[in-house]
Every structure is written in structure tokens, then in C-alpha cells.
1. Considering the range A:190-208 alone, what residues qualify as being charged (D, E, K, R) and not in a strand (DSSP E or B)?
2. Just to be sure I understand the filter: pairs with C-beta atoms under 9 Å, separated by 6 or more residues or on different chains, first member in the range B:205-218 and among the charged types (D, E, K, R), second member not in a loop (DSSP other than H, G, I, E, B). Which pairs pass?
3. Would you pick out the residues in the range A:163-189 that are part of a strand (DSSP E or B) and either aliphatic (A, V, I, L, M) or surrounded by fewer than 18 Cβ atoms within 10 Å (Cβ to Cβ) (or both)?
4. Just to be sure before I move on: is B:ALA133 within 8 Å of chain A (Cβ to nearest Cβ) and hydrophobic (A, V, I, L, M, F, W, C) in the structure I sent?
5. Restricting to the range A:218-227, name every residue that is farther than 18 Å from A:LEU165 by Cβ, at the interface with chain B (Cβ under 7 Å from one of its Cβ atoms) and of a type outside the set (S, T, N, Q).
6. Test each condition in (1) aliphatic (A, V, I, L, M); (2) touching a residue at least 24 places away in the same chain (Cβ under 8 Å); (3) within 12 Å of another protein chain (Cβ to nearest Cβ) for A:ALA149 and report the one that comes out false.
7. Please find, within the range B:112-145, the residue that is nearest to the chain's Cα centre (by Cα) out of those that are farther than 30 Å from A:ASN173 by Cβ and at pLDDT 95 or above.
8. So which residues in the range A:103-128 are buried (at least 21 other Cβ atoms within 10 Å of the Cβ) and among the small types (Gly, Ala, Ser)?
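The values are calculated or read from the model by the stated rules, or taken from the named source; none is laboratory data. Given the structure is predicted, the values throughout are model-derived calculations rather than measurements. When we count neighbours, we look across all protein chains shown, and the Cβ atoms used for this are built from the backbone with ideal geometry, even at glycine.
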Amino acid sequence: MNKTVNGADEAIHDIQDGMTLMLGGFGMSGLPEKCIAALVKKGVKDLTCISNNAGVDDFGIGLMLKQRQVKKMISSYVGENAEFERQLLSGELEVELIPQGTLATRCMAAGYGMPAIFTPAGIGTEVAIGKEVRNFNGKDYLMEMAFEADFAIVKAWKGDTMGNLVYRATARNFNAVMAMAGKITIAEVEELVEPGEIDPDHVHTPGIYVHRIFQGLNYEKRIEQRTVRKR
Amino acid sequence: MLDKEGIAKRIAKEIKDGYYVNLGIGIPTLVANYIPANIDVVLQSENGLLGMGPFPFEGEEDADIINAGKQTITMLPGSAIFDSAMSFGMIRAKKVNLTILGAMEVSENGDIANWKIPGKMVKGMGGAMDLVASAENIIVAMQHVNKAGESKLLPQCTLPLTGVNCVKKIVTELAVLDVLPEGGFKLLERAPGVSVEEIIKATAGKLVIEGEVTEMVI
């Protein structure tokens, strides 16, 4: 059950124009930066990208936006990107903003084989427009559908050749839920090890969810807001 | 009148021993600096951390350890990491005892608007809609009036809503107010040097005043 591929180019080779991709990460943290670089190189376009954020101008999904590879973004917060703003205001880019918990749970539902979830987030707001509302125990909930993504692309700290993944600190974020949710899931890792080297009790994403895995080299792991205190 | 630090200081007094607390971006973030040392509080960051600590020392920043504002932070002993779905799971399941967030407008029935101004670039709601829809105890930290001098405490919100009937308490530079279940802002305390008349003038929504309004102690 060896899921290893040679690198990002091979991992994404069959991603086609018009597909829907999930991309893990929160801001710059836990971003699948090697696969994004390969997608930029491949030049595949008209993509729908499900990702909490849209990157900054020169890193992350921002690089794909710059090349006009993205037709639609589905995100919860997209604040930090001038090119994004330009494309949005000019109508070149379609954007669907959804609550962050709804975004995560729609991924989770896909990975758990559930068609929909009910959440109170967005009740009474424009997010609820056109959606089914159900009342349970006196409180209203919105029905939100599980995502369907052709590919989920995630970044983990460590993985084995069978696709078992371990994340590190808050870089887990959306990676762990998106890893479960793709028709095909690609994982890039900082360290690829042999089966048995990860304690089964420490696996965050079981390899059954992962179809392709490779070790990326020289991760940039950029910091978006460098905040420190004096010694 | 309170400055931002003063608002944060006053809100910190609402935090009780044993609370799990989610702090939003802006003034709410400052609240962490004023949590009394003698109480045990765990901060939740909705990108997947319980046990958020202060900013790291220079040179110890780690790209894998950030808060929901994407700032580099530290993890205190006893911290726990989880994915985004579980993070909002614990919020939805009301395990987080107190949510503190900023707002552009609050209405007298507790509606909140804090994510979108029509005609301006919209960045998104992030986790705010999930938080306000589920949290049982929501305190809003904000200025009483906007930059144009208009009240932000209104009969009804004019901006697109983030959530309905959810805000329980508001702390501004002028006052502490409860949102009454039957509607209306009940004036609890006034900021040092601020008169009740000034608060009346700055509040467009229904203001309920009962008896003497004490000056807040911060």
C-alpha cells in the first residue's frame, strides 16, 4: 500500500481545468506550498478553490490568482490580498464567503460520508438566503451540504508511505478535515517515513483517506503576522 | 472615558475562574493582558488551539504556532491542538464559556453586525457567525459611536447581520450595558468622568436606566 509519488508535479499531474480543489492551511500556516507551486507551473485554470483564506499577493493561493487560474473561491476570510480584491471588484473572480465553522464542518461531513449538516451559524443573516431551515428543540438551524471536491491538497508535518499523517501545532487547522474530504487526497509532508515509524496512536489522518504522498524540500513556512515580546 | 486598554481591563473583570474564553480580533485581544493572575482561564483560538499563551520571545517565532489573527503566539503547558471542525464543534456545543468580540453595530434586541459594509471590500465573516450563533455568553467590546459620531447602539442594525438575539453585554468607552431579554440596553455602569446624559446622547436604541448608575471600577 505504497502511496508515494515523486513530487508535487507527479502528485497533481491529472488535475484538470475546471476542477474543484480543497487546499488546507489557515493563513500561511500549514499551507501545501509545494503543490500550489506545481499548480502554478502547470497553469491549470478555471479552478474552484475551497480554502479558508486566499493567500497573500506573492504566496499561497495568491500566486494562482495572479495567473488567473482561479474562477471561484469558497472561503471564510480573504482580507490580505490586493490582487484578489482587484479581481473581485472587476468581476473576474467569483467569491462565496461562508462561516468558518460551516466551511470546516462541510469538509468534515464529506469525510464522514454525511450529505449535509445543520448549523445555527448564519441564521437570520444573508448566509441563510435560499437555504433550508429546520427547527430542532426550539432553535433554527441551516442545512449546509457536504462539499464535493475532485482533489484535496493538504500539508502535514510527518507522513508514512501508507499515507498516515501527523500534523504539527496549529498547522493542523483545515488540513485534517480536508484530508478526509477529497475524491483524491494529496498530502505533502516535511518528513516521509516508513510504515511503523509513526505510532498508530499518534496518527491524526489515517492513510485510508490519502491517495498520494510526497516529501517536500525546503519549506518556506512563511509567517503572516510576526508578533513577539521582548525578553 | 475609557481608552481601548480601559475597555479591555473592564471586560477582563467579567472573566471567571475556570472559564474557557474565545477572544476576537482588536480590543478583545487586549483583554488577555488583564486577566487576573489568581484565576484559571484557558484561551481558545478558533484555528485549533486551547491554551493560547503570549507572543513568543524574539527569535522563537514558529510558523506552525499562530492564533486566529494569524499572529505568532505560544502554547502554554496543558495546551491542546485540534482541527478546525472540532474547534467549531466545541463552540457549537457551548463548551466555550465566554466569547468577546468587536462590532460595528448592536441592536437593542441583541443583533450584531460586524462583518460587512455594503459598497466596501468585504473580507469575510471568518468564525464570527459561528461564534455568535452558538455562544451563550457574548460580550461586545466597541466604541459607543462611530467615526461620524453616530451611535452604534441602535433600535435595529442597518448593516448586514452577523447574528441575531445573541449579544448579552456591551462595554464601550462610555458605559457597561446589558442587553435585556425583552429588548433594550440596560445601563449598568458609566465610565469614569462620563455622565448619564452623555450616555443617553450617544445611545440611539432604547436605553433603560434604573436608579443611580454607579461609576465603574477598573
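1. Step one: of the range A:190-208, the residues charged (D, E, K, R) are A:190-191, A:194, A:197, A:199, A:201.
A:GLU194, A:GLU197, A:ASP199, A:ASP201, listed by residue number.
2. B:LYS206/B:PHE185; B:GLU210/B:LYS186; B:GLU210/B:LEU187; B:GLU215/B:GLU189; B:GLU215/B:ARG190
3. If we filter the range A:163-189 for residues that are part of a strand (DSSP E or B), which is where we start, we get A:165-166, A:182-189.
Scanning the range A:163-189 gives A:LEU165, A:VAL166, A:LYS183, A:ILE184, A:ILE186, A:ALA187, A:VAL189.
4. Working: within 8 Å of chain A (Cβ to nearest Cβ): yes; hydrophobic (A, V, I, L, M, F, W, C): yes.
So B:ALA133 fits the description; yes.
5. Step one: list which residues in the range A:218-227 are farther than 18 Å from A:LEU165 by Cβ, which gives A:218, A:220, A:222-227.
Going one step further and asking which of them are at the interface with chain B (Cβ under 7 Å from one of its Cβ atoms), we end up with A:222-227.
Across the range A:218-227, the qualifying residues are A:ARG222, A:ILE223, A:GLU224, A:ARG226.
6. All conditions are met except number (3).
7. The initial filter retains those residues of the range B:112-145 that are farther than 30 Å from A:ASN173 by Cβ, namely B:118-119, B:143-145.
Checking the rest, the ones that are also at pLDDT 95 or above come to B:143-145.
Working: B:GLN143: 12, B:HIS144: 13, B:VAL145: 16 Å.
Taking the candidates together, the pick is B:GLN143.
8. Selection gives A:ALA104, A:ALA109, A:ALA110, A:GLY111, A:ALA121, A:GLY122.
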